[in-house]
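The values are calculated or read from the model by the stated rules, or taken from the named source; none is laboratory data. Bear in mind that the values here come from a model prediction, so they are computed numbers and not experimental data. Backbone-built Cβ (ideal geometry, glycine too); neighbour counts: all protein chains shown.
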Amino acid sequence: MILTRKAILERIKSNDIVFDPGLDHFQLQPHAIDLRLGYKFLIPKNWTITEKGRAALKVSIEDTDIHSEQFDEVTLKPGQYFDLLPNEFVIATSLERIEMNAPDLMAILFPRTSTNRRGINLSLSGIIDTGYNGNLIFPMKNEAGNQVLRIFPGERICQVIFEELSEPLTSEEAQMHGLSEAKYSNSGEPKYKVDKSEERDLLTRGNLQALKDKFSL
């Protein structure tokens with residue numbers, strides 16, 4: 001069941017859902033909450049200088065620490081803007097930190113239609129898990145031809161729909177994604193993370209059947 005505005009406000013009042021900073025009236029929709037764009041952006045690097053010269057960076061499933069190695073981090077100040085270049089891909093963050101404290105709630109992240117109409121592809125949707133605590137990260141790409149798209153921190157950029165689960169989850173159940181804990185919940189500063197190392201190792205060796213055999217349900 002998708003929560004309406006009244007139900008969302010009741011959940012916020014009971015601290016089942018927490019937003020920091022708090023919401024304003026512009027963000028309230030009939031059955032969703034608009035989120036505002038934050039100040040931090042991660043810009044993919046495509047080359048680096050090595051002992052052999054200028055080399056292209058190739059992001060692989062095997063890379064385990066790609067936040068610092070593969071991205072430049074840009075943090076704007078209030079009043080500054082971000083020019084999204086033609087065909088440029090970046091990872092953006094939400095202004096709001098969200099806490100999903102209720103054991104019977106999850107949420108889904110979608111782009112706003114007005115965002116899409118500007119030519120900004122947010123490549124969503126994404127799932128916000130029960131128990132999640134942190135800012136949200138999402139990809140953005142300029143698909144407006146040769147236009148440069150100027151965006152400002154604080155713009156309403158995406159929206160969250162809240163859904164009730166068929167049954168409440170314990171904190172342990174909510175944290176388990178596959179065989180280990182969620183990558184992003186309670187993660188502090190937004191980072192881009194990769195999937196589980198044991199899964200990656202089998203995949204990159206071409207041992208998909210071994211992965212299925214070892215971890216079958």
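Inspect region 161-174 for any residue being modelled with pLDDT of 75 or more, buried (at least 16 other Cβ atoms within 10 Å of the Cβ) and under 30 Å from residue 87 (Cα atoms) and give the result as yes or no.
Yes.
Can you pull out the residues in region 1-29 that are touching a residue at least 12 places away in the same chain (Cβ under 8 Å) and either assigned to a strand (DSSP E or B) or of a type in the set (D, E, K, R) (or both)?
Of everything in region 1-29, those that are touching a residue at least 12 places away in the same chain (Cβ under 8 Å) and either assigned to a strand (DSSP E or B) or of a type in the set (D, E, K, R) (or both) turn out to be 2, 5, 11, 16, 17, 18, 19, 20, 28, 29.
Among the numbered criteria (1) under 27 Å from residue 89 (Cβ atoms); (2) outside any strand (DSSP E or B), which one does residue 39 miss?
(2)
Can you find even one residue in region 6-20 that is among the hydroxyl-bearing types (Ser, Thr, Tyr) and modelled with pLDDT under 95? First the steps, then the outcome.
Going through region 6-20, the residues among the hydroxyl-bearing types (Ser, Thr, Tyr) turn out to be 14.
Subsequent filtering for residues that are modelled with pLDDT under 95 retains none.
No, there is no match, as no residue in region 6-20 is among the hydroxyl-bearing types (Ser, Thr, Tyr) and modelled with pLDDT under 95.
So residue 216 fits all but one of (1) at pLDDT below 80; (2) closer than 25 Å to residue 70 by Cβ; what number is the exception?
Every condition holds for residue 216 apart from (2).
Quick one: which strands (runs of 3 or more DSSP E) lie wholly within region 81-148 and hold at least 3 residues that are at pLDDT 90 or above and out of contact with any Ser or Thr (no Cβ under 9 Å at 6 or more places or on another chain)? Give the steps one after another, and end with the answer.
Details: elements: 82-84, 89-100, 105-111, 126-128, 133-142.
Output list reads 82-84, 89-100.
Any idea which of (1) surrounded by 14 or more Cβ atoms within 10 Å (Cβ to Cβ); (2) part of a strand (DSSP E or B); (3) at pLDDT below 95 is the one residue 33 doesn't satisfy?
(3) is the only condition that residue 33 fails.
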